[in-house]
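Following: one structure in structure tokens, then a few remarks.
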Amino acid sequence: MIESSAESPPVIKVCKNCKTKLPGNALIKVVKGTIEDLSCCNLGNLLFVPSGDPCITRRSNKYSSQRAIVYKWNSLRKRNERKGVLVAARAFHKAKNECIKDEKSRGDISKKLAIKREVLDQKFIHQFAKKIRCLFPSCPKDREFIISAHACLKYSQRVGRSAFAKDFDREAISLSVRAHIRHEETNYNSHLFGGLTKKEARLKVQGNVEKIFKYWKLKGK
Ligand SMILES: [Zn+2]
């Protein structure tokens, strides 16, 4: 694979071979600080496919025997950023036609995957709840499902979704249960409402939280 780069801001870019002056936005190949225009490095016949449609990019790459990645220098972030690929025009058109043809079925597949993820999430919530019941046998009826669903809230940054909770880490479960007790079984929320900071409110209810937490852990009351 050949890597090309469109660097900016160029003062004047000149091809080292044919000495052509190139416009600022021209695609160029940069090798150890020297510049070549596309025709001098045998890329002149290729078509630029901007990033953004992974399917077209992937298929264009697949059908093109010759290809190059296009980077642009981001002077603010001081790094090259990928902007697209250069591929044979025929490969691009073949890829585009294929993508148009199976657009619908590809949409159906991603819908199916979304449903599968949803089912997996439900399964995870259920397993998480079972584990909570197991560790806190004296917690009120069905409370484990409320705690679990809350903890597993999709796309949230809550403990239940984090990687360590996926393995039903005891620490993750304890955190979820403590948070639930704090909000549902103590005056924490009204302390917040009354103007205390989270830290102050937490301190106020900490004793009660621990008392209930221990109680929920008791077996066969
Ligand atoms: Zn040249």
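With Kirkwood's inverse mean 1/r over C-alpha pairs for Rh, give me the Rg to Rh ratio of the chain, two decimals please.
On the way: Rg = 29.2 Å, Rh = 22.9 Å.
My calculation of the ratio gives 1.28.
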Practice task
Find the centroid of the Cα atoms in region 167-199 and in region 90-147, then give the distance between the two in whole Å.
Solution key: 28 Å
Handout entry: Using θ = phi - 60° and Karplus 6.51 cos²θ - 1.76 cosθ + 1.60, couplings along region 42-49 (whole Hz; Gly, Pro as x)
Key = 6, 10, x, 8, 8, 9, 7, 10
Practice task
Provide the net charge surrounding F145, with neighbours chosen by a C-beta distance below 14 Å and charges set as Lys +1, Arg +1, Asp -1, Glu -1.
Solution key: +2
Problem - Rough spin-label spacing in nm, given labels placed 7 Å along Cα→Cβ, for R90 and D102 - result: 2.1 nm
Completion exercise
Non-local residues with an amide H under 5 Å from the amide H of G84, with H modelled 1.01 Å from N and Pro and chain starts lacking one, are S51, V70
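Once you order the gyration tensor axes a ≥ b ≥ c over the Cα atoms, which shape class does region 105-217 get: rounded for a/c under 1.5, otherwise prolate or oblate by comparing a/b with b/c?
Details: a/c = 2.89, a/b = 1.80, b/c = 1.61.
In terms of gyration-tensor shape, prolate.
Quick one: ranking H93, H191 by accessible area, 1.4 Å probe, largest first, what do you get? Don't skip to the end; give the middle numbers.
Numbers: H93 100, H191 50 Å².
So, going from the largest accessible area down, we get H93, H191.
Given +1 on the Cβ of Lys and Arg, -1 on the Cβ of Asp and Glu, and no further charges, what dipole in debye does the chain carry about its Cα centre, rounded to the nearest 20? All intermediate terms of the calculation are to be shown ahead of the outcome.
On the way: 48 positive and 21 negative charges, 64 e Å.
My answer is approximately 300 debye.
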Fill in the blank from the handout: At R0 = 45 Å the Cβ-Cβ FRET efficiency linking Q206 and Q66, nearest 0.05, sits at 0.10
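The values are calculated or read from the model by the stated rules, or taken from the named source; none is laboratory data. Values in this document were obtained by computation on a predicted structure and should not be read as measured data. When we count neighbours, we look across all protein chains shown, and the Cβ atoms used for this are built from the backbone with ideal geometry, even at glycine. Note: accessible area is taken over every heavy atom of the protein model, side chains too, but ligands, DNA and RNA are not part of it. Shrake-Rupley method; radii C 1.70, N 1.55, O 1.52, S 1.80 Å.
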